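> Just passing along the structure, written as structure tokens.
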There are 2 protein chains.
Amino acid sequence: MRKAFNSVIQVRACVLEPRGWGPCSAWTRRLTHSCSALVYRWHGAHSDVVRMEELPLPAVGQNSVRLKMLAAPVNPADINMVQGTYPILPPFPAIGGNEGVGEVVEVGSGITSLSLGDWVIPVDAGFGTWRTEAVCDADDLITVPKDISLLGAATIGVNPCTAYRMLQDFVHLRPGNTVIQNGANSAVGQAVIQIAAAMGVKTINIIRDRPNRWELVEELKSMGADYVVTEEDLQSSEMEKIFKDVPKPKLGLNCVGGQSAGLLLSHLDNGATLVTYGGMAKKPLPLPAKFLIFKNINLRGFWMTQWKRNNREDLTLLQSMVGALSGLVRSGQLSPSPCVQVPFSLYRQALEATVSSHQRKHILLM
Amino acid sequence: MRKAFNSVIQVRACVLEPRGWGPCSAWTRRLTHSCSALVYRWHGAHSDVVRMEELPLPAVGQNSVRLKMLAAPVNPADINMVQGTYPILPPFPAIGGNEGVGEVVEVGSGITSLSLGDWVIPVDAGFGTWRTEAVCDADDLITVPKDISLLGAATIGVNPCTAYRMLQDFVHLRPGNTVIQNGANSAVGQAVIQIAAAMGVKTINIIRDRPNRWELVEELKSMGADYVVTEEDLQSSEMEKIFKDVPKPKLGLNCVGGQSAGLLLSHLDNGATLVTYGGMAKKPLPLPAKFLIFKNINLRGFWMTQWKRNNREDLTLLQSMVGALSGLVRSGQLSPSPCVQVPFSLYRQALEATVSSHQRKHILLM
């Protein structure tokens, strides 16, 4: 059972601050450390509301740990949270950032699951990863192997997990089956290509036409994409050629919406499932009744944040997924998306770049 | 597993005719009876292509029966089949009609499941019910109790079955739960109202505004409809009032599509399922990504014809559903849709009336 979803959910923030900073701390208030953090106290444009502040940290209690943040991405969803347009919003004052990797530097006396030096990532959205240090419950973290790259660890918890779950949870895919996706050049799309290739599943990858199209086609093929087509190709004989070689897709993945998703829909196999996880075109998918009635297409949605909450009580599923993905990173089958590393002090550039272009992920280095 | 669906499926016709009439008869060709039937030999407007013909019937074999058709509806899908626009089409020459009730008048020596005098309805679409008599495999028929009305028996196999399955197969509904549907005045819609009421499930029923609106509202309420609203009401405070009294719907039923279905979608509960079984507006449903991603709405389709084929090998599920629905008819909880009875010889009027208006079902009496 999925938990009920309200249009705006207040997240349980792990901002642990002196009195007046919210209800979440039950720990001793011996202030022994402080951290730099990107704080916002109301919603608005990031340039207007996000400020770097020096914040005191509470002492580590019996069941908590202190971690030094090593790297944290700036994702579009983080910006939407700052703007107040995302469906979950942390209480004010809030620290930005939902994803990132930290190193455990102090461990409460009651903790056995984490050790000094462990790399950890947050379990839930709303952690507030844009800071140099944090103190939080050990239960709010899971470990990541230290033998993968720092950037791989910092970016493993959202996009590769989204790709992994969508390939696992909706259709039983076997080697030789086909998946079709739009937005194939997105971070999730690239993870889909690589994870599907590791599963022996064929991918048909839809991109928008662009001046450097063939460069991108080659890049995606080098990751394991079987076919890379444009939205125009979806209406041409190109698709017939492809379906002479591979079966029609049992699974479609849609992060675009609008006409693009409508075209994708028309190429699905009978009884297939279309999973929507984004709506970049900001237009509704036009859904003709015939696909539902006569082709028995099933339309579902996926939201990683909700999945993590649904599985909050038993972290073994999340930990085992991160383990499996780390294995793919280690073996070279899954590479982190191209990214730009930015010193923490230059955070304004990283935030601005994320708003103006989604091409490369910006990673803050603490 | 659902069987694969092709864009046009050739149905296994039960037209049993002399050589040259198709491949389906393995029976002895002693011709002992004949029947009148509404035959078409190519697709087109019903007035151009459907003709009453006198056809010879094969003798009854060991595993077959002869039945006298008593009553058969003219449904919009029958007309679409004649036009060649329906996704399943019988081979030519074809006899029209997919639904109806017959009485067994001759039984093959190997048959134990049927007796003389039994009322029977076809298991599958494409039977060709617009005829006075038929000879077919006993396996192509199931029985209907004779203590319900003839019109109830003639119309039980498609629309009430559609309503029943949609209320049973997608969401586990409990008394007090809510279902919302558009096209509430359709034959399926009226069956939904009555079956849901018998289940203790609340219904919110959407109709188009019309001059005799309050008359229709009262009619649907007398069937058990809890709320009857117009498409305009869906955008007004009317819905807030309703949701003070009943929970948000876990199940939505859509036979309209277009903006109407989009409005219906916005009133579903988180995690609800929208089942589409028709597209009367002939416009795609505009589907915003947020309903899939953040409200976890699941969109499915339902087609009674396919369901019957999926369950073709084991008829107990179909027989028990017809038994349950007959029970509701017997107890007065489910009434056949209003219908006009037309003598078989006046079939042209019945076909024409079905094309020009869907308000009342036209039933051919043989």
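The values are calculated or read from the model by the stated rules, or taken from the named source; none is laboratory data. Small disclaimer: the values here were computed from a predicted structure and weren't measured. Ideal geometry is used to build each Cβ from the backbone, glycine not excepted, and the neighbour counts take in all protein chains shown. Just so you know, the surface numbers come from the protein's heavy atoms only, side chains and all, with ligands and any DNA or RNA stripped out. Shrake-Rupley method; radii C 1.70, N 1.55, O 1.52, S 1.80 Å.
> Quick one: how many residues across region A:182-215 are more than 22 Å from A:Gly327 (Cα to Cα), open to solvent by less than 10 Å² (accessible area, probe 1.4 Å) and of a type outside the set (Gly, Ala, Ser)? Quick ask: steps written out before the conclusion?
Initial filter on region A:182-215 (more than 22 Å from A:Gly327 (Cα to Cα)): A:182-185, A:204-215.
Pick out the ones that are also open to solvent by less than 10 Å² (accessible area, probe 1.4 Å) and you get A:182, A:184, A:204-207.
Going one step further and asking which of them are of a type outside the set (Gly, Ala, Ser), we end up with A:182, A:204-207.
Adding up the residues that qualify gives 5.
> Let me ask something else. Just the residues that are assigned to a loop (DSSP other than H, G, I, E, B) and under 20 Å from B:Asp226 (Cα atoms), please, taken from region B:244-261.
Going residue by residue through region B:244-261, those that are assigned to a loop (DSSP other than H, G, I, E, B) are B:246-250, B:255-257.
B:Val246, B:Pro247, B:Lys248, B:Pro249, B:Lys250, B:Cys255 - these are the residues of region B:244-261 that are assigned to a loop (DSSP other than H, G, I, E, B) and under 20 Å from B:Asp226 (Cα atoms).
> If you don't mind, there's one more thing I want to ask. What number of residues within region B:103-138 are open to solvent by 20 Å² or more (accessible area, probe 1.4 Å), within 27 Å of B:Trp303 (Cβ to Cβ) and either in contact with a Lys or Arg (Cβ under 9 Å, 6 or more places away or on another chain) or free of Cβ contacts under 8 Å to residues at least 24 places away in the same chain (or both)?
Total satisfying the criteria: 2.
> Answer with yes or no whether B:Ser320 is more than 10 Å from chain A (Cβ to nearest Cβ) and within 29 Å of B:Pro336 (Cα to Cα). Steps first, please.
Working: more than 10 Å from chain A (Cβ to nearest Cβ): yes; within 29 Å of B:Pro336 (Cα to Cα): yes.
Yes.
> For the subset of region B:58-81 comprising residues that are part of a helix (DSSP H, G or I) and out of contact with any Ser or Thr (no Cβ under 7 Å at 6 or more places or on another chain), which member is most open to solvent (accessible area, probe 1.4 Å)?
Taking region B:58-81 as the starting set, the residues that turn out to be part of a helix (DSSP H, G or I) are B:76-81.
Those left that are additionally out of contact with any Ser or Thr (no Cβ under 7 Å at 6 or more places or on another chain): B:77-78, B:80-81.
Numbers: B:Ala77: 32, B:Asp78: 5, B:Asn80: 55, B:Met81: 9 Å².
Checking each candidate, the answer is B:Asn80.
> Here is a further query. For region B:34-81, name all the residues that are out of contact with any strand residue (DSSP E or B) (no Cβ under 7 Å at 6 or more places or on another chain) and basic (Lys, Arg). Quick ask: steps written out before the conclusion?
Taking region B:34-81 first, the residues out of contact with any strand residue (DSSP E or B) (no Cβ under 7 Å at 6 or more places or on another chain) are B:41-48, B:61-62, B:75-80.
Matches in region B:34-81: B:Arg41 only.
> Here are the criteria: (1) within 14 Å of chain A (Cβ to nearest Cβ); (2) touching an Asp or Glu at 6+ places or on another chain (Cβ under 8 Å); (3) among the β-branched types (Val, Ile, Thr). Tell me which single one B:Thr354 does not satisfy.
All conditions are met except number (1).
> Could I ask something else about it? Among the residues of region A:325-341, how many are in contact (Cβ under 8 Å) with a residue 60 or more places away in the chain and of a type outside the set (S, T, N, Q)?
Filtering region A:325-341 for residues in contact (Cβ under 8 Å) with a residue 60 or more places away in the chain gives A:325-326, A:328-330, A:333-337, A:339, A:341.
Those still in the list that are of a type outside the set (S, T, N, Q) too: A:325, A:328-330, A:334, A:336, A:339.
Result for region A:325-341: 7.
> Could you tell me whether A:Thr85 is within 24 Å of A:Val355 (Cβ to Cβ), crowded, with 16+ Cβ neighbours inside 10 Å and either within 14 Å of chain B (Cβ to nearest Cβ) or of a type outside the set (Phe, Trp, Tyr) (or both)?
Details: within 24 Å of A:Val355 (Cβ to Cβ): yes; crowded, with 16+ Cβ neighbours inside 10 Å: no; either within 14 Å of chain B (Cβ to nearest Cβ) or of a type outside the set (Phe, Trp, Tyr) (or both): yes.
No, not satisfied.
> While we're here: Restricting to region A:330-345, what's the tally of residues that are of a type in the set (A, V, I, L, M) and modelled with pLDDT of 95 or more? Before the answer, list the steps.
Of all residues in region A:330-345, those of a type in the set (A, V, I, L, M) come to A:334, A:340, A:342.
Narrowing the set further to residues that are modelled with pLDDT of 95 or more leaves A:334.
Qualifying residue count for the region: 1.
> Which ones in region B:258-275 are within 8 Å of chain A (Cβ to nearest Cβ) and more than 23 Å from B:Phe243 (Cα to Cα)?
none
> On to the next question. Can you give me the ranges of the strands (runs of 3 or more DSSP E) entirely in region B:100-204 with at least 1 residues that are among the small types (Gly, Ala, Ser) and either in contact with a Pro (Cβ under 9 Å, 6 or more places away or on another chain) or modelled with pLDDT of 95 or more (or both)? Steps first, answer last, please.
Details: elements: B:101-107, B:119-122, B:133-137, B:141-144, B:178-181.
The strands (runs of 3 or more DSSP E) meeting that bar are B:101-107, B:133-137.
> Is it fair to say A:Gln359 is open to solvent by 50 Å² or more (accessible area, probe 1.4 Å), modelled with pLDDT of 95 or more and not in a helix (DSSP H, G or I)?
On the way: open to solvent by 50 Å² or more (accessible area, probe 1.4 Å): yes; modelled with pLDDT of 95 or more: no; not in a helix (DSSP H, G or I): yes.
Considered against the rule, which asks whether it is open to solvent by 50 Å² or more (accessible area, probe 1.4 Å), modelled with pLDDT of 95 or more and not in a helix (DSSP H, G or I), A:Gln359 comes out as no.
> Just give me the residues in region B:285-310 being open to solvent by 40 Å² or more (accessible area, probe 1.4 Å) and either free of Cβ contacts under 8 Å to residues at least 12 places away in the same chain or among the polar types (S, T, N, Q) (or both), in sequence order.
Result: B:Lys290, B:Phe294, B:Asn310.
> Which of (1) open to solvent by 30 Å² or more (accessible area, probe 1.4 Å); (2) in a helix (DSSP H, G or I) does B:Val322 not meet, given it meets every other one?
Answer for B:Val322: the failing condition is (1).
> What are the residue pairs meeting all of these: first residue in region A:44-73, first residue over 17 Å from A:Thr129 (Cα atoms), second residue surrounded by 21 or more Cβ atoms within 10 Å (Cβ to Cβ) and of a type in the set (A, V, I, L, M), Cβ atoms under 6 Å, and 6 or more apart or on different chains?
If the second residue must be surrounded by 21 or more Cβ atoms within 10 Å (Cβ to Cβ) and of a type in the set (A, V, I, L, M), the pairs left are A:Val60/A:Val135.
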